[in-house]
Amino acid sequence: SKIVVRTTFWLLVIGTSLFILFENNHLLRGMDWDAKIYTAFFSTVTARTAGYSSIDYQAVLLPTTMLIIILMWIGASPGSTGGGIKTTTFAVAFFTAFSIGRGKNTTHFNNRELSRQSGRKAFIVVFFSIFAIMIGTMLMAWFEPGISLDRLLFEAFSAFGTVGLSMNLTTMLSEGSKYTLIFLMFLGRIGIITLFVAFLRKTRFLLFSYPEEDLFI
């Protein structure tokens, strides 16, 4: 619960601040500061949850597009109906990577040691979510050669996060791109771990171990 609350809090604060920073002299120009804060905060919240749109995302700057893409990818918290990789997955992957970078063998948060299994699952979800989205974007770029990459990425991340935001592109897509988005929506809804459990055979407990090998990374 503490990971969910803290991660959500910082996502809202950082997302709202960056949105205002990027769009202050563009999309938010001429608004009162109250309206700027409301618009930025609402856009930051809805990118991770319901997908309601109060602005034209086709008119935002490229840094703002990347910000919304990241928020859609992270998504909501576990146990909710929101999509994305979930706030806990993002937090555990971040803490684990930070611990590994500092040369630590364990990951700690709030005087607790996070299990290695949680870290491994988080990295699995992060890797395969990005891999699936990149493959989906590559297919859409093949089906839609005249559309810019940022708009295709926005559609793919929105589909995987089951957000529903669009840069006014969904209705213009071909059948192949629509089926690609449907697959990404299905994958993002059921989750990477659930997909592995359902379709991949579980490895039996091994009574032996192979020699360990170090690779140059």
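The values are calculated or read from the model by the stated rules, or taken from the named source; none is laboratory data. Worth saying up front: this structure is predicted, and the values here are computed from it rather than measured. Quick reminder, even Gly has a Cβ in these numbers, built from the backbone with ideal geometry, and neighbours come from all protein chains shown. Just the protein is used for accessible areas: all its heavy atoms, side chains included, with ligands, DNA and RNA removed. Shrake-Rupley method; radii C 1.70, N 1.55, O 1.52, S 1.80 Å.
Average accessible surface for region 1-95: 51 Å² per residue, computed with a 1.4 Å probe over protein heavy atoms with every protein chain in place. Alpha-carbon geometry of region 1-143: the Rg and the Dmax are 17.1, 52 Å, given in that order. Compactness of region 103-147 was expressed as the Cα radius of gyration divided by 2.2 N^0.38 Å, which yields 1.86.
Once the chain from ILE124 to MET138 is taken as fully extended at 0.36 nm per residue, the excess over their C-alpha distance is 2.9 nm. A Cβ-based charge dipole, computed about the Cα centre of the chain with Lys and Arg at +1 and Asp and Glu at -1, lands at about 900 debye. Site pair LEU61 and LEU215 shows an inter-label distance of 4.0 nm when each label is modelled 7 Å from Cα along Cα→Cβ. Only protein heavy atoms count here; under a 1.4 Å probe, SER174 has an accessible surface of about 40 Å².
For the pair region 86-121 and region 1-73, the centres of their Cα atoms are 27 angstrom apart. Spacing of the modelled spin labels on ASN25 and VAL5, each 7 Å from Cα toward Cβ, amounts to 4.0 nm. Cross-link partners among aspartates and glutamates for LYS121, C-alpha distance below 18 Å, same-chain residues fewer than 8 apart left out? Counting by Cα, and skipping residues close in sequence, LYS121 has these aspartates and glutamates nearby: GLU113.
Element breakdown for region 85-217 at a 1.4 angstrom probe: carbon and sulfur atoms account for 64% of the accessible area.
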